[in-house]
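Here's the structure we're looking at; comments come further down.
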Amino acid sequence: SKKNLENQVLASLNLLVQTKKDYLETFMDFNKGRVADWSSDGHIRDDFEKIIENKDEVRARDLGAYIRTKKQILDPEIIITDIISVDGIIVVSTVPERIDTREKIDDLDSEYNFTKAKTASFGETFISSIVVEEEPGHTKNTPMWHVSVPLVSLKSDKVIGVMVNHISSN
């Protein structure tokens, strides 16, 4: 009877682990789909292209506000959204103090899969491992993971940036 009890406990634990695994995979797939969907938004793509062409800081702040109030509001687990130019500068962010931040490409690659995303196909997403960032605009000691996707020009069909959603691991 001890062996039967151990088997029942083990079966219950396996079921619990499988359920949690399935939930996490569904959550990650949802967030991959979310950032891919946002990257197809014509307003975001068109405004970002105009921002990088004209170095329009006002439009950059307005686009960050648009993403924060029209997109992020529906997904409270998305803490920050950044759009990074192909040369590694945060051009648009839902946290204004992050704008004009430049990181080393190696850091962008390890945190956001930046090089993979900027050479990827339209809608292709990348997930980072969990990190705790100490950059401006981040809540201290908050573990996050990132979902990145290329942002493709409406005019030229070329990658003009990388959109990154910072997801709370809570």
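Here is the figure for region 66-90: residues that are more than 22 Å from Arg102 (Cβ to Cβ) and of a type outside the set (D, E, K, R) total 7.
The selection criterion, being of a type outside the set (Lys, Arg) and within 17 Å of the chain's Cα centre (by Cα), does not hold for Asp87.
Screening Glu49 on (1) closer than 22 Å to Ile167 by Cα; (2) assigned to a helix (DSSP H, G or I); (3) touching a residue at least 24 places away in the same chain (Cβ under 8 Å) shows it passes everything except condition (1).
This table checks each residue for (1) of a type in the set (Val, Ile, Thr); (2) out of contact with any Asp or Glu (no Cβ under 7 Å at 6 or more places or on another chain).
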site: Asn54; (1), (2): no, yes
site: Leu63; (1), (2): no, no
site: Pro76; (1), (2): no, yes
site: Ile80; (1), (2): yes, yes
site: Val95; (1), (2): yes, yes
site: Asp107; (1), (2): no, yes
site: Ala120; (1), (2): no, yes
site: Ile127; (1), (2): yes, yes
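Give region 15-46 a look and list any residue that's at pLDDT 85 or above and either part of a loop (DSSP other than H, G, I, E, B) or surrounded by fewer than 14 Cβ atoms within 10 Å (Cβ to Cβ) (or both), or say none. Those that are at pLDDT 85 or above and either part of a loop (DSSP other than H, G, I, E, B) or surrounded by fewer than 14 Cβ atoms within 10 Å (Cβ to Cβ) (or both): Leu15, Leu16, Val17, Gln18, Asp37, Ser40, Asp41, Gly42, His43.
The values are calculated or read from the model by the stated rules, or taken from the named source; none is laboratory data. Since we're looking at a predicted model, the values are computed, not measured. Note: ideal-geometry Cβ built from the backbone for every residue, glycine included; neighbour counts use all protein chains shown.
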